[in-house]
Amino acid sequence: WDFHGTLEQGTERSVIDISNTILAERGYDKRFASVDVDRLYGLRWVKYFEDLLPDESPERHRELELACFKMSSENFEMVQRHIQPAPYAHQVLQAIAQSPHDQIVISNTQPRSLPNFLDAVDMTQYFPEGYVFAAGNHVDAPCQSKEKILEGIMASRKYDRIIAIGDSPQDVNLAKPYNGTSYLYAHPWREFKEVEADFKITDLREVLREL
């Protein structure tokens with residue numbers, strides 16, 4: 001499983017709130033608007049500041065991004081105001097949990113943040129220790145890629161097949177090296193990303209055909 005944009009919805013609104021708070025603290029007059037929620041959706045946080053403040057240096061963009069990460073971690077209630085489980089996510093996770101399949105979540109978020117995100121949408125019980133992996137890939141020096149994480153999992157565990165579910169090309173392409181099945185997900189109000197997948201779905205319940 002991917003997490004952001006797949007199992008949850010609403011985090012993108014907290015990105016705008018946190019970014020605007022940091023901009024105010026740093027003395028900027030410019031602010032992100034509500035239209036930017038969808039316009040910038042899916043981009044790394046630093047890209048938001050590159051878009052809003054094109055005349056600032058890359059170092060300044062990075063500084064603002066790091067300040068946002070810190071605020072998000074230390075004031076997680078700003079995220080909790082907006083984050084919700086994706087439609088039918090709990091129903092699907094519960095059904096899979098009662099099957100012989102394992103569920104693994106691999107997210108590009110920071111390692112210290114992923115447990116908080118899972119707890120905020122009451123999904124911790126579906127992903128015990130050893131089944132939760134954070135690549136930290138929203139920063140310039142990722143812990144490791146999703147591909148490397150899955151490679152390590154496959155080297156240490158024996159699985160007959162892999163089913164990859166996510167909202168990005170990177171997510172669905174995880175299945176390819178293992179001849180797995182890929183599901184490209186998009187919330188019903190969003191467009192699919194440009195990538196080939198075995199299935200393109202807007203309802204997570206479609207995954208249950210695999211059980």
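The values are calculated or read from the model by the stated rules, or taken from the named source; none is laboratory data. Remember, predicted model here, so these are calculated numbers, not experimental data. Every residue, glycine among them, receives a Cβ derived from its backbone with ideal geometry; neighbour counts consider all protein chains shown. In case anyone asks, the SASA skips ligands and DNA or RNA and just uses the protein heavy atoms, side chains included. Shrake-Rupley method; radii C 1.70, N 1.55, O 1.52, S 1.80 Å.
For the pairs K47/K193; K70/K148; K47/K176, note any where the Cα-Cα span goes beyond 20 Å.
On the way: K47/K193 18 Å; K70/K148 26 Å; K47/K176 29 Å.
The answer is K70/K148; K47/K176.
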Taking the Cα atoms only, what angle lies between the long axis of helix 146-156 and the longest principal axis of the chain, rounded to 10 degrees? 30 degrees
Tally Lys/Arg at +1 and Asp/Glu at -1 over every other residue whose Cβ is under 11 Å from the Cβ of N75; what's the total? -1
Enter the angle in degrees (range 0 to 90, nearest 10) between the Cα long axis of helix 58-74 and the first principal axis of the Cα atoms of the chain, meaning the one along which they spread out most. 70 degrees
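Can you give the direction-averaged projected area of the convex hull of the alpha-carbon atoms in the chain, in nm²? Intermediate values should be presented prior to the final figure.
Values: hull surface 46.8 nm².
So the Cα hull casts an average projection of 11.7 nm².
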How do E74, E8, E129, E56 stack up against each other in accessible area, from largest to smallest, with a 1.4 angstrom probe? E129, E74, E56, E8
Relative contact order, percent, of the chain when contacts are C-alpha pairs under 8 Å separated by at least 6 residues? 21 percent
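Pairs of alpha-carbon atoms within less than 8 angstrom and 6+ residues apart define the contacts here; what relative contact order does region 166-211 have, in percent? The partial results should precede the final answer.
On the way: 58 pairs, mean separation 16.2, N = 46.
Computed value for region 166-211: 35 percent relative contact order.
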Solvent-accessible heavy-atom area per residue, rounded to whole Å², over the chain at 1.4 Å: 51 Å²
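Counting Lys +1, Arg +1, Asp -1, Glu -1, what net charge surrounds I162 among other residues with beta carbon under 14 Å of its beta carbon? Mind dumping the intermediate values first?
Working: positive: K146, R157, K158, R161, K176; negative: D2, D102, E147, E151, D160, D171, D198, E210.
Within the 14 Å Cβ shell, the charges total -3.
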Helix 11-25 versus the longest principal axis of the chain: what angle, 0 to 90°, nearest 10, using Cα atoms? 20 degrees
Per DSSP H run of n ≥ 4, the term is -39500 (n - 2.57); total these for the chain, divide by its residue number, and report the mean residue ellipticity at 222 nm rounded to 500 deg cm²/dmol. -11000 deg cm²/dmol
Scoring only Lys, Arg, Asp and Glu (+1, +1, -1, -1) among other residues with Cβ under 12 Å from the Cβ of I106 yields -2
Straight-line reach from K158: which aspartates and glutamates have a Cα under 19 Å away, not including same-chain ones fewer than 8 places off? D102, E129, E147, E210
Looking at region 149-211, which trypsin sites (Lys or Arg not before Pro) are DSSP coil and have at most 15 other C-beta atoms within 10 Å of their C-beta? R157, K158, R161, R190
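Round to a whole number: what % of the accessible area of region 32-167 belongs to carbon and sulfur, probe 1.4 Å? Numbers along the way, then the final one.
On the way: 3470 of 7090 Å².
Carbon-and-sulfur percentage of accessible area, whole number: 49.
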